[in-house]
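What follows is a single structure, written as structure tokens, with notes after it.
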Amino acid sequence: MTPLNRLRKPLRNLLLAGVAAVAISACASNRGSMPSPDYSGMPAAQSQQSLAELTARYKSNPKDKGIAIAYAAALRAVGQSQQAVAVLEISMNQYPGDADVTVAYAKALTAEGRFDQSLQVLDNIIRPEAPDWNALLVKGATLDQLGRNQEARAIYGQALIFAPGEASIEANMGLSYAMTNELPAAEQHLRRAVQMRGATSRIRQNLALIVGLQGRFEECRAIYAAELPPEQVESNMAYVRALLTQQNRWDLIDKG
């Protein structure tokens, strides 16, 4: 079995995978704040095209909070988390106390590695009597990245009470188990997630990764092949094998 210390670093990069999933069919009573659009898991050319379009839209209307949130999500998808934070700091000043902007800002802070600040921002808007499930989801992901996995799973469990059947919550629960090397449990939660509303390509790709980390390469390849162009499938397969075979190069791997 793959040692925990070898899995923690690369899997930590995947923990926001489910956070941005859009719950299209969620009813108004459990939606809470508006989940950000999800540009992660797209082929690189598609991500760049989305970013270019949103950059133009943001420049023409920077005060539109929906555009700002989408623009920040697209920036995070191409690794520009610092710029995403800067965009949302402007929106935080324009929309003080707005849940949508605040959760998106916390998400960008987590992506930037500013975990304590993200938790503080989230705790300022999470109401104990009626918590926002999307805020809980981001808080859980942040706790997971801090290695506080049991706390994160408790938060995900709370989020599921308020938004049962949300793929993003179930997916992050699975990735939390992956971080502690409990790969069968991780697979179980991710398989549930891909059947739920709001399931994204990124979630399906993370299922492929967890399957591959258990040595089931053909099944892993098949899942990737349904989501990605052939050259990216091969790149991802090489990544999976690297995670299983290389001993001292984890800091060089950043496919998250």
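The values are calculated or read from the model by the stated rules, or taken from the named source; none is laboratory data. Nothing here was measured: the structure is a model prediction, and the numbers come from that model. Cβ sites come from the backbone with ideal geometry, for glycine too, and all protein chains shown count toward neighbours.
Being aliphatic (A, V, I, L, M), assigned to a helix (DSSP H, G or I) and either under 23 Å from Glu129 (Cα atoms) or under 15 Å from the mean Cα position of the chain (by Cα) (or both) is the filter here; which residues of region 155-185 pass it?
Ile155, Ala159, Leu160, Ile161, Ala167, Ile169, Ala171, Met173, Leu175, Ala178, Met179
When you go through (1) small (Gly, Ala, Ser); (2) within 23 Å of Ile169 (Cα to Cα); (3) modelled with pLDDT of 90 or more one by one for Gly198, which number turns out not to apply?
Condition not satisfied by Gly198: (3).
For region 45-84, what are the residues that are more than 21 Å from Leu109 (Cα to Cα) and part of a helix (DSSP H, G or I)?
If the condition is that a residue be more than 21 Å from Leu109 (Cα to Cα) and part of a helix (DSSP H, G or I), then Ala45, Gln46, Gln48, Gln49, Ser50, Ala52, Glu53, Ala56, Arg57, Lys59, Ser60 are the ones that fit.
Could you please find all residues in region 165-193 being surrounded by fewer than 19 Cβ atoms within 10 Å (Cβ to Cβ) and either in contact with an Asp or Glu (Cβ under 6 Å, 6 or more places away or on another chain) or closer than 20 Å to Asp38 by Cβ (or both)?
Gly165, Arg191, Arg192
Would you mind stating whether Glu89 is of a type outside the set (Gly, Ala, Ser), part of a helix (DSSP H, G or I) and surrounded by fewer than 18 Cβ atoms within 10 Å (Cβ to Cβ)? Steps first, please.
Working: of a type outside the set (Gly, Ala, Ser): yes; part of a helix (DSSP H, G or I): yes; surrounded by fewer than 18 Cβ atoms within 10 Å (Cβ to Cβ): yes.
It is true that Glu89 is of a type outside the set (Gly, Ala, Ser), part of a helix (DSSP H, G or I) and surrounded by fewer than 18 Cβ atoms within 10 Å (Cβ to Cβ).
Only one of these conditions is not met by Pro229: (1) touching a residue at least 40 places away in the same chain (Cβ under 8 Å); (2) buried (at least 16 other Cβ atoms within 10 Å of the Cβ); (3) over 20 Å from the mean Cα position of the chain (by Cα). Which number is it?
Pro229 satisfies all of (1) touching a residue at least 40 places away in the same chain (Cβ under 8 Å); (2) buried (at least 16 other Cβ atoms within 10 Å of the Cβ); (3) over 20 Å from the mean Cα position of the chain (by Cα) except (2).
Show the residue pairs that are 6+ apart or on different chains and have beta-carbon atoms under 8 Å apart, the first residue being within region 158-182 and within 11 Å of Ile203 (Cβ to Cβ) and touching a residue at least 12 places away in the same chain (Cβ under 8 Å), the second being in a helix (DSSP H, G or I) and of a type in the set (Asp, Glu).
Once the first residue is within 11 Å of Ile203 (Cβ to Cβ) and touching a residue at least 12 places away in the same chain (Cβ under 8 Å) and sits in region 158-182, its partners that are in a helix (DSSP H, G or I) and of a type in the set (Asp, Glu) give Asn172/Asp144; Gly174/Glu187; Leu175/Asp144.
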